Amino acid sequence: MVLFHFGWGQFSGGFIGVDVFFVISGYLITRLITGEVASTGAFHFRRFYVRRMRRLFPALAVVLLLSAIAAAFIFSPEHLKRFSRELMTAALSVSNIFFFTVSGYFDVAKKFQALLHTWSLGVEEQFYLVWPVLIVWAMRSGRRILPAALMAAAIASLYYAQTLDDRSAAFFLTPFRIFEFAIGASLVWLIKVQPVNKLLLEPILLCGLGMIGYAVFAYSSETHLPGLLTLPPTVGAALAIYAGRARYTGLLLRNPLSVWVGKISYSLYLVHWPLVIFPAYITGEPFTAIERVGLLAVSIALAALIHYGVEQPLRRPRAQADGGNVRFMKGLAATTLLLLVFGASVVLGQGWAWRLSPDAAKLLASTTREIEMQGECQYEIRGSNEAFQQKFNDCAAKAGKAVLIVGDSHASDLFNALAHNGARRHVVGVADGGCRPIGPEACRYDEFGAFIAANRDKLAGVLFVQMGGYFLTDLRHLPVDTDGIDETIDYLTRFAQPGIPLLWVGPQWEPYYEVNQFVATMPTVERPDYLRNSAVHIADVDAAIEAVVRRRESPVDYVSRTGILGPLTADQFVIDGEYTYSDTDHWSAKGEEVFGRRLLAGSARLREMFGLREDRETAPDT
């Protein structure tokens, strides 16, 4: 898992290490509970929970505290607020629920989530709350109840993990991981049935390790997990535990190095992910091979320090009579409170924006500044109704013919840019986020075909805009969906009316660089050209649309925005101390001001429709 997170692509399924951990935990915890009940006839819940807290919380607390300090120095206000929510939920053992509500494990946003890995601890700690109660109840209800209860829970969990449509819920939430714990729990009984010929343990162990290895190298973020495909690594882990005493192959697990790595594995898991996030956040660069090796070494060293300096000393009370557990619980409560206070103060304090320099504060504020329109007849709507028709008629009477700008949220960008910088007084944005004419969730503005036909004498033109990334795979990768471009032209043809120009205005650059990352509180760090790889395929989309429009005999004409604006370089991303983008792919007010002027200056078709703001007295109204 650590190698996967540090970027070694060969270990594409390294994340299944968590699944293996759940199997091991299910076995150890079930063995502990059943052994205590069988030997004493009772189970001490309080002692169990104190032991679990001693086992997990001290190392976690150290990593959370160190991460909070690092985040306060490194993260922008918005990302520090996100981190603080992660921090508070991790301290309360519910971060898996938090991450379920905000994103998926493989989302782009995970590069800002320094505590994403604590989701598995949330699952583990929620398992601790339920599992002892279930096991003790089943054992007291009869010898046959426990195996039946385990089997029923495992089958139900696996079924829903496999079939649930909400894959984020299946990944993060505890009920859909119960089958993994149950696989481990079953070993408590199965491991007692050992083969007479101990040599049979050799192939069993190799088979188990092979199943885990297959998943590590064959699985990827596209694999349907958790579910049936979770069985190879989890059953493999169970086989490895079962045959762990194999005389020869067992040395793979029992040698001093493997044993030592196992001892520090919990601390290593805790420290490695923040060491992935914070350096990458600062530099904006993928890790080189040397950097990956260095970070791995640092992770191991820190893990060893935490294991020997924190985990081991605090795992057991030094003197029961001296109230060791009482002092520990007080310390746990105080530390948890400290983490919660830190997190709440950051969230309520707007990400501690006071940390920013004046220039950085101005830069950050530019992402939320709104552009000013020139009059009441420049407005946006989301659909056609009687109120809109009345306003349209009134504006047509006093401000002349309108230009409609139709599309998704990028149409809103273009509406702001052209309405603000042009001279036309009547401009209508028909824009809704995610509204595109093709795809599984198509939003087609069907009523506007009839509206355009009925109001053709009051219209000077119709523009269509769509986010270019939706013609790419996963928004960013080739090939370009030329069939989708053809379908979009077919759709736009329905808007065509004689004498009314119909323009498809091409996509804007979509850098997919979260602007808040730039406003870090470490101004001495030289950032790379963070735009160089992210926007390149938008040029391919632009070229493909232009080629299809030229090939087709249709009433749709094309205006290339990227062709007019030129490459999106670093000096175009920040102008006059303000961002030209408000997020990963939308223009800010500054971008709308600057890019709108350039579009009108560079396109005769757009100038003919909108004029120039400085020529307002001769504004086009026809």
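Please list, ordered by chain and number, the residues whose modelled amide H lies under 5 Å from the amide H of Ile381; skip anything fewer than 5 residues away on the same chain.
Result for Ile381 returns Gly429, Val430, Ala431.
Which value, in debye to the nearest 20, gives the size of the charge dipole of segment 315-463 about its Cα centre, when Lys and Arg are +1 and Asp and Glu are -1 at the Cβ?
880 debye
Going by Cα centres, segment 553-622 and segment 136-153 are how many Å apart?
Between the Cα centre of segment 553-622 and that of segment 136-153, the gap is 69 Å.
With a ≥ b ≥ c the root eigenvalues of the C-alpha gyration tensor of segment 358-466, is it rounded (a/c under 1.5), prolate (a/b larger than b/c) or oblate?
oblate
Which angle between 0 and 90 degrees, to the nearest 10, do you get for helix 289-306 versus the longest principal axis of the chain when only C-alpha atoms count?
With rounding to tens, the tilt is 50 degrees.
Lysines within cross-link reach of Lys458: Cα-Cα under 16 Å, excluding same-chain residues under 8 positions apart?
Hits, sequence-local ones excluded: Lys391, Lys398, Lys401.
What value in Å³ per residue do you get for the convex hull of the alpha-carbon atoms in segment 1-348?
149 Å³
With mean projected area of the Cα convex hull in nm² defined as stated, name the option among (i) 33.8; (ii) 39.0; (iii) 29.9 computed from the structure displayed.
Derived directly from the coordinates: (i).
Rounded to the nearest 0.05, what FRET efficiency do Asp457 and Thr493 give with R0 = 22 Å and r taken as the Cβ-Cβ distance? Could you check?
It comes out at approximately 0.60.
Quick one: Karplus J couplings for segment 593-600, per residue in order, coefficients 6.51, -1.76, 1.60, θ = phi - 60°, nearest Hz, x for Gly and Pro?
5, 6, 6, x, 4, 5, 5, 5
Counting only heavy atoms of protein chains, what accessible area per residue, in Å², does the chain have with a probe of 1.4 Å?
45 Å²
What share of the DSSP beta bridges in the chain is antiparallel, in percent to the nearest 5?
20 percent
From the backbone phi of segment 549-566, what are the Karplus-calculated ³J(HN,Hα) couplings (6.51 cos²θ - 1.76 cosθ + 1.60, θ = phi - 60°) in whole Hz, Gly and Pro given as x?
Each residue's phi maps through the Karplus curve to give 4, 5, 5, 7, 9, 9, x, 8, 9, 10, 10, 8, 5, 5, x, 6, 7, x Hz.
So what's Rg/Rh here for segment 24-145, counting alpha carbon atoms and using the Kirkwood radius for Rh?
Rg divided by Rh gives 1.10.
Under a cut-off of 30 Å between alpha-carbon atoms, report the lysines in cross-link reach of Lys362, not counting same-chain residues fewer than 8 places apart.
Straight-distance partners of Lys362: Lys81, Lys110, Lys111, Lys590.
For segment 26-70 and segment 345-389, write down the distance between their C-alpha centroids in whole Å.
Each part reduced to its Cα centre gives a spacing of 48 Å.
Give me a comma-separated list of calculated 3J(HN,Hα) values for segment 390-403, in order, Karplus coefficients 6.51, -1.76, 1.60 applied at θ = phi - 60°, integers in Hz, x for any Gly or Pro.
Computed from phi, the couplings for segment 390-403 are 5, 5, 4, 5, 4, 5, 4, 5, 9, 10, x, 5, 9, 10 Hz.
Quick one: angle between helix 119-141 and the longest Cα principal axis of the chain, in degrees between 0 and 90, rounded to 10, please.
Around 50 degrees separate the two axes.
Angle check, please: helix 201-218 long axis (alpha carbons) against the longest principal axis of the chain (alpha carbons), in degrees 0 to 90, nearest 10.
10 degrees
Could you look at the chain and say what percent of its accessible area is carbon and sulfur, using a 1.4 Å probe and all protein chains?
Carbon and sulfur: 61 percent of the exposed surface of the chain.
Could you list which residues have their amide H under 5 Å from that of Trp504, counting only those 5 or more apart in sequence or on another chain, with H placed in the peptide plane?
Phe464, Asp557, Tyr558, Val559
Of Ala460, Cys435, Ala450, which is farthest along the charge dipole of segment 414-460 in the positive direction, counting Lys and Arg as +1 and Asp and Glu as -1 at C-beta?
After comparing all options, I get Ala460.
5 Å is the cut-off here: which amide hydrogens, built 1.01 Å from N in the peptide plane, fall below it relative to Leu459, excluding neighbours closer than 5 in sequence?
Those lying under 5 Å, H to H, from Leu459 are Ala402.
Based on DSSP H runs of at least 4 residues, each adding -39500 (n - 2.57), what is the mean residue ellipticity at 222 nm of the chain after dividing by all its residues, to the nearest 500 deg cm²/dmol?
-18000 deg cm²/dmol
How high is the FRET efficiency from Ala442 to Leu475, r the C-beta distance, R0 22 Å, rounded to 0.05?
0.85
Can you give the longest stretch of the chain with no exposed loop site, where a site means GluC sites (Glu not before Pro) in a DSSP loop (not H, G, I, E or B) with at most 13 other C-beta atoms within 10 Å?
That would be 1-221.
The values are calculated or read from the model by the stated rules, or taken from the named source; none is laboratory data. Since we're looking at a predicted model, the values are computed, not measured. Ideal geometry is used to build each Cβ from the backbone, glycine not excepted, and the neighbour counts take in all protein chains shown. These accessible areas exclude ligands, DNA and RNA; they are computed on the full protein's heavy atoms, side chains included. Shrake-Rupley method; radii C 1.70, N 1.55, O 1.52, S 1.80 Å.
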